[in-house]
Amino acid sequence: MNQQSDKNEGFKVSGRQVGADAPPFVVAEISGNHGGELAKALELIEAAAEAGADAVKFQTYEAHTITIDSKDPAFIVDTPLWQGRHLFDLYQQAQTPFSWHADLFAKAAECGLLAFSAPFDLTAVELLEELDCPLYKIASCELVDIGLIEAVAKTGKPMIMSTGMASFAEIEEALLAARSAGARDIALLHCISGYPSEASDANLASLAALSERFEVAVGLSDHSAGVTLPVAAIALGACIVEKHLCLKRGDGAVDSDFSLVPSEFKLLVQACKDAQRSVGTAVDGAVAAEADSLRFRRSLYIVEDVVAGEMLTSQNVRSIRPAGGMHTRHLRKVVGKAAKQDIKAGTPLAWEMIEGQGCEP
């Protein structure tokens, strides 16, 4: 049962709260990093669980459901990572066969992971509904596929939509289509559809803009190297992070060049949690963790023995650590005054020790 929350507070999926008031929802994207081997796909799910991911995400298509086998120049990829590849051939290499999905979902459940997918056509939605997919993803390129969005929305399941390349007007149209078709729980993922993408192109300020403009939970679908951008995104309000996972970078899998290996993914999970905890709230003054450090703030101390009637000078009174003496702002006021009593070095200075000064003026 999925429970809707108000505006951008998020939603529940399979009992897991996704939103600003919950731990970061970290998704391991399997994509085509299985290299066409079911055994490797299952191993990736195990690696995601061991790394601490909350969920694994698949891409549900086969080459013929996402494109056609054409050699026309319009079907040739210009992205440097896959330069010159024909779409059909690339997707045939990267596809996660429909016949694998039952095994993949079962493996994720065995590993304690939430499994969901991005469908790329209506047959994919049908398959995923048969598997009781609890959550759906709309990929960036599919954000303009209104029919697909409506079909997913009609399932009544929560939806996460990536916004790579999209204008605000296109995002608004997609949201309207989803809501009109019955979707209640929606999150938007800021995304740069570059493979790999660069930090200089990240524009993470978009997270706040998406949250404020569309009043939904927001997150980041990241194609950059490393973990820096997801961690920064969490600090800027993202509650979802999606990152590609591979077993070994450079192993020939289509997305491995911009994916994290398991040890890096484990670091990502912990770093995102730490980043969220670090945001906290604005404070005025010391927090509990600083209680002991307060004792070592500077204050005025007698640093040389002084006898009654002796003048206080910058040599026998100084601003030093620890606290306990008068505030350092009073140093100029006390220099030139006479000591009312003998004062030993190491004594915190107080007004009652000064001639003619019974209390702080």
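Points to keep in mind about this one:
- Residue match in segment 1-22 (condition: over 30 Å from Ala208 (Cα atoms), among the small types (Gly, Ala, Ser), open to solvent by 20 Å² or more (accessible area, probe 1.4 Å) and touching a residue at least 12 places away in the same chain (Cβ under 8 Å)): no
- Any pair with Cβ under 7 angstrom, 6 or more apart, that starts in segment 106-128 at a residue that is farther than 14 Å from Gly52 by Cα and ends at one that is open to solvent by less than 30 Å² (accessible area, probe 1.4 Å) and assigned to a loop (DSSP other than H, G, I, E, B): Phe116/Cys133; Phe116/Pro134; Phe116/Leu135; Ser117/Cys133; Ala118/Ala139; Phe120/Tyr61; Asp121/Tyr61; Ala124/Tyr61
- Segment 187-214, residues that are more than 17 Å from the chain's Cα centre (by Cα), at pLDDT 95 or above and closer than 18 Å to Leu143 by Cβ: Arg213, Phe214
- Residue in segment 269-280 that is among the hydrophobic types (A, V, I, L, M, F, W, C) and at pLDDT below 95 present: yes
- For segment 211-232, filtering for residues that are within 23 Å of Lys248 (Cα to Cα), assigned to a helix (DSSP H, G or I) and in contact (Cβ under 8 Å) with a residue 40 or more places away in the chain leaves 2.
- Subset of segment 41-71 (residues that are among the acidic types (Asp, Glu), part of a loop (DSSP other than H, G, I, E, B) and open to solvent by 80 Å² or more (accessible area, probe 1.4 Å)): Asp69
- Selection from segment 258-303 of residues that are in contact with a strand residue (DSSP E or B) (Cβ under 6 Å, 6 or more places away or on another chain) and open to solvent by 40 Å² or more (accessible area, probe 1.4 Å): Arg298, Val303
- Counted residues, segment 170-210 - those being in a helix (DSSP H, G or I) and either within 27 Å of Ser259 (Cβ to Cβ) or of a type in the set (Lys, Arg) (or both): 9
- Any hit, segment 239-253, residues being in contact (Cβ under 8 Å) with a residue 24 or more places away in the chain, open to solvent by less than 60 Å² (accessible area, probe 1.4 Å) and part of a helix (DSSP H, G or I): no
- Residue satisfying all of: in segment 129-169; over 26 Å from Ala108 (Cα atoms) and outside any helix (DSSP H, G or I); farthest from the chain's Cα centre (by Cα) among these: Asp145
- The numbered conditions (1) open to solvent by 40 Å² or more (accessible area, probe 1.4 Å); (2) modelled with pLDDT under 95; (3) under 32 Å from the mean Cα position of the chain (by Cα) are all true for Ala102 except (2).
The values are calculated or read from the model by the stated rules, or taken from the named source; none is laboratory data. The shown structure was predicted, so the numbers you read here are calculated from the model rather than taken from an experiment. Here the Cβ is made from the backbone with ideal geometry for all residues, glycine too, and neighbour counts use every protein chain on show. Side chains are part of the model used for accessible areas, which takes the heavy atoms of the whole protein and leaves out ligands, DNA and RNA. Shrake-Rupley method; radii C 1.70, N 1.55, O 1.52, S 1.80 Å.
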